[in-house]
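Participant: Quick one: structure below, then a few questions.
The values are calculated or read from the model by the stated rules, or taken from the named source; none is laboratory data. What you see is a predicted model, and the numbers here were worked out from it, not measured in a lab. Backbone-built Cβ (ideal geometry, glycine too); neighbour counts: all protein chains shown. These accessible areas exclude ligands, DNA and RNA; they are computed on the full protein's heavy atoms, side chains included. Shrake-Rupley method; radii C 1.70, N 1.55, O 1.52, S 1.80 Å.
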Amino acid sequence: MTTHLKNQPIGSTFKNSRLGSNQIPVRHMQFVFADDFPVNFAFNNALTTSVFVALSAVFPSGERFFMDSIRYFRDHITDDALKQQIAGFIGQEAMHGREHDRFNKALIKKGFDVEIGVKSITRGLGLLRKLTPVQQLACTVVMEHATAHLAIQWLSHADLNRLSDPKTLAMWQWHALEELEHKTVSYDVYKILDEDKWITRFIAVCAVMGVVIPVSIYAAIVIAYKHGSHKNRKEFIQGLKLLFGQDGFLRPLITKAPDFLKKDFNPRNDDTEQLEQVWKEKLLGPNGIINEFYMNKLAS
Ligand SMILES: [Fe+2]
Ligand SMILES: [Fe+2]
């Protein structure tokens, strides 16, 4: 992967931020993906990489759905702090969508069928957009919860960090850090609406499990097949273990998805503050991974 260094360290810009402690920073990243990153960049495995490609393909549309579902209620919010957090949430998700779009172009050049993921998720989210605005927001809460658990994996999964291409992984880890920084926003907006009925939560969990997960799995299967992930049996089985084994990367998606149905559900129940602090420094500090690998700019 071509790397670009910029003479201004983004870490120092970040520290000079005037944001308060509970505000959400919008970092204007510009990852540059050239052609020379390893084709099996995730876990050095064709199957797990195909799953990452499917995730990257579905992210931009997903981020737009999240933004739209929250933006719809923005004017209902009177609390200034939450209003600012909403602005941060929308800004961060917009950046994630943009950077994954950029990454997807590099994946297409590598021969991955990104388009199948884009088409599948567009159709799936089209169905979710037929729900009421509150139900759509509840779906966002469920998906944000799932994304937060994926984010924990991106930052702490030992095999992922040991086996993956560190430069490519850094983009995912930036996304992960920000997912944790804004993980409470959609829930806080949802709770304020005073329409928190059990049936709304149930519909949201069913919609995500019944529509979003299957279209994403379908996309992953097609991408993996076209990538030839099944051809090397040993590698394929290894990939399955990495995804679904005892410490499998995707396991939290299965185990954590129904949490939203619990009475005491709150994204704050998963305390990730220390993880965020560690990775903020590791990625964005003066000697951070992103400074080392990429040209970036922070506009705010
Ligand atoms: Fe995101
Ligand atoms: Fe998010």
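Participant: Would you mind estimating how fast segment 45-289 diffuses translationally, via Stokes-Einstein at 37 °C and 0.692 mPa s with the Kirkwood radius over Cα pairs, in µm²/s?
Facilitator: 178 µm²/s
Participant: Where only protein heavy atoms count, and the probe is 1.4 Å, what is the accessible area per residue for the chain in Å²?
Facilitator: 47 Å²
Participant: Report ³J(HN,Hα) in whole Hz for each residue of segment 91-108, in order, from the Karplus equation J = 6.51 cos²θ - 1.76 cosθ + 1.60 where θ = phi - 60°; Gly and Pro get x.
Facilitator: x, 5, 5, 4, 5, 4, x, 5, 6, 6, 4, 5, 5, 4, 4, 5, 5, 4
Participant: Stretch LYS226-GLN277 to full length: gain in nm at 0.36 nm per residue minus the Cα-Cα span?
Facilitator: 14.5 nm
Participant: Calculate one ³J(HN,Hα) per residue across segment 227-237 by plugging θ = phi - 60° into the Karplus curve 6.51 cos²θ - 1.76 cosθ + 1.60, and present them in order as whole Hz with x for glycine and proline.
Facilitator: Ordered by residue, 3J(HN,Hα) equals 7, x, 5, 7, 6, 9, 4, 5, 5, 5, 5 Hz.
Participant: Something else now. To the nearest Å, what is the center-to-center distance of segment 107-125 and segment 38-91, using C-alpha atoms only?
Facilitator: Using only Cα atoms, the two centres lie 16 Å from each other.
Participant: Please tell me which of these pairs span more than 22 angstrom C-alpha to C-alpha: LYS109/LYS241; LYS83/LYS191; LYS191/LYS256; LYS110/LYS282; LYS197/LYS256; LYS110/LYS167?
Facilitator: Cα-Cα > 22 Å for LYS109/LYS241; LYS110/LYS282; rest within.
Participant: Sort 101-111, 260-270 for me by packing, meaning the mean count of neighbouring Cβ atoms within 10 Å per residue, highest on top.
Facilitator: Result, highest mean Cβ count within 10 Å first: 101-111, 260-270.
Participant: When a/c reaches 1.5 or more, the comparison of a/b and b/c decides; with that in mind, is segment 110-172 rounded, prolate or oblate per its Cα gyration tensor?
Facilitator: Cα axes put segment 110-172 in the oblate bin.
Participant: So how do 73-81, 133-141 stack up, highest first, on mean other-Cβ count within 10 Å?
Facilitator: Highest to lowest by the protection proxy: 133-141, 73-81.
Participant: Percent of accessible area on segment 45-289 owned by carbon and sulfur, 1.4 Å probe?
Facilitator: So the carbon and sulfur contribution to the accessible surface is 56 percent.
Participant: Could you sort the peptides 164-170, 179-185 by per-residue average Cβ neighbour count (10 Å cutoff), highest mean leading?
Facilitator: The densest-packed peptide leads the list: 179-185, 164-170.
Participant: Something else now. In percent, what relative contact order does segment 45-289 have, based on Cα pairs under 8 Å that are 6 or more apart in sequence?
Facilitator: 32 percent
Participant: I'd like the Karplus ³J(HN,Hα) series for segment 75-80: coefficients 6.51, -1.76, 1.60, θ = phi - 60°, whole numbers in Hz, and an x wherever there's a Gly or Pro.
Facilitator: Per-residue couplings from phi come out as 6, 7, 8, 9, 6, 4 Hz.
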